[in-house]
Amino acid sequence: MAARQTLPFAKRCGCARILTSRFVPKHVCYNIQRYLCARVNENTEAELHLGSSKTRERYDELAAFHTPTSALQKVLLAVGSASISLLDPTRPEMIAVLGETTGHTALKYIHNVMAHDKEGLEILSERPRINSRTVDLEALSKMPEGTLGKVYTDFLKTYKITPDSRQTVQFVDDMELAYVMQRKGRECEVAVKWVEGIQTRLPMCIGGALFGPLRYGPKYRQKYVKYYLPWAVKTGFEAKFLMNVFYEKRWEQSVSELLEELNIKPLKLEP
């Protein structure tokens, strides 16, 4: 009976596999899970206590996918995912694992910057998520040309992806930092990795920026060095911290106006 009572708790914390192990007593597993799943900072606990039902729901959603890992396991995951990512950059799940297992210090930095900004603090408080359940994509697609909502849905159609294409964070132990990682978004081109790396300090982004160009041919590498790289470095240092932008409340804003607000100059290529 005791085992049955612990299973729902374990599943909610994403730890059912350990509980079902034949080699560890179930009562020991249960105590381990209680310890691991309690590893959230005091700010998170206070926010969950005072926050809305949506905040709790989003916390539970992250906790449900969470897979506790030791330092050694994180190292092994990081090495393995890095190797596969370099060999096959089209494996988004491996790139996501690499980011989660190597970015703890950077995520704390991002969280701190967001917590000291009015709009960033609002994002951390409300914990918005962009997916097919929270965003009316059909309504966004009908917005005027040039608005963020319209440009966003056009982007999704062009690359045949959905807001749900983003893999849920699994290997970040702190739920506050797990949300920051989930918020960071999809993988982009090497130039964007420079912007992300400079602003967020995430090893995954820095690695992508440094090693991504190695796959370029001579012609594109020359174009990258002449145009994309200078633009990316300049934008990374001069633009507003992009994690502090509440994009979900700016769907109706024109992209040109948003870029000006963020101090981002459009990339210009010679014909």
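Quick check: anything in region 204-225 under 30 Å from L140 (Cα atoms), modelled with pLDDT of 90 or more and aliphatic (A, V, I, L, M)? Before you say what the answer is, go through the steps one by one.
Taking region 204-225 and keeping what is under 30 Å from L140 (Cα atoms), we get 205.
The next check asks that each one be modelled with pLDDT of 90 or more; those that pass are none.
Checked region 204-225: no residue is under 30 Å from L140 (Cα atoms), modelled with pLDDT of 90 or more and aliphatic (A, V, I, L, M).
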* To do: For region 181-271, please list each of the helices (runs of 4 or more DSSP H) lying entirely inside it that holds at least 1 residues being small (G, A, S).
  => 190-200, 203-211, 229-238, 255-261
* **Scope region 127-150; condition closer than 15 Å to R250 by Cβ, without any contact (Cβ under 8 Å) to a residue 40 or more places away in the chain and of a type in the set (A, V, I, L, M); matching residues** => A139
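Surrounded by fewer than 18 Cβ atoms within 10 Å (Cβ to Cβ) and either at positive phi or at pLDDT below 90 (or both), is that true of Y159?
Values: surrounded by fewer than 18 Cβ atoms within 10 Å (Cβ to Cβ): yes; either at positive phi or at pLDDT below 90 (or both): yes.
In short, yes.
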* Asked: Can you name the residue in region 194-249 that is of a type in the set (D, E, K, R) and more than 28 Å from K118 (Cβ to Cβ) and is also surrounded by the fewest Cβ atoms within 10 Å (Cβ to Cβ) among such residues?
  -> K219
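Table: residues versus (1) over 16 Å from R250 (Cβ atoms); (2) modelled with pLDDT under 90.
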{"residue": "G80", "(1), (2)": "yes, yes"}
{"residue": "D88", "(1), (2)": "yes, yes"}
{"residue": "G99", "(1), (2)": "yes, yes"}
{"residue": "T102", "(1), (2)": "yes, yes"}
{"residue": "L107", "(1), (2)": "yes, yes"}
{"residue": "H116", "(1), (2)": "yes, no"}
{"residue": "G120", "(1), (2)": "no, no"}
{"residue": "L124", "(1), (2)": "yes, no"}
* Asked: Of all residues in region 102-152, which are under 20 Å from the mean Cα position of the chain (by Cα), hydroxyl-bearing (S, T, Y) and surrounded by fewer than 17 Cβ atoms within 10 Å (Cβ to Cβ)?
  -> T105, Y109, S125, S132, T134
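The values are calculated or read from the model by the stated rules, or taken from the named source; none is laboratory data. Just so it is clear, the model here is predicted, and its values are computed rather than measured. All Cβ positions, glycine included, derive from the backbone under ideal geometry; neighbour counts span all protein chains shown.
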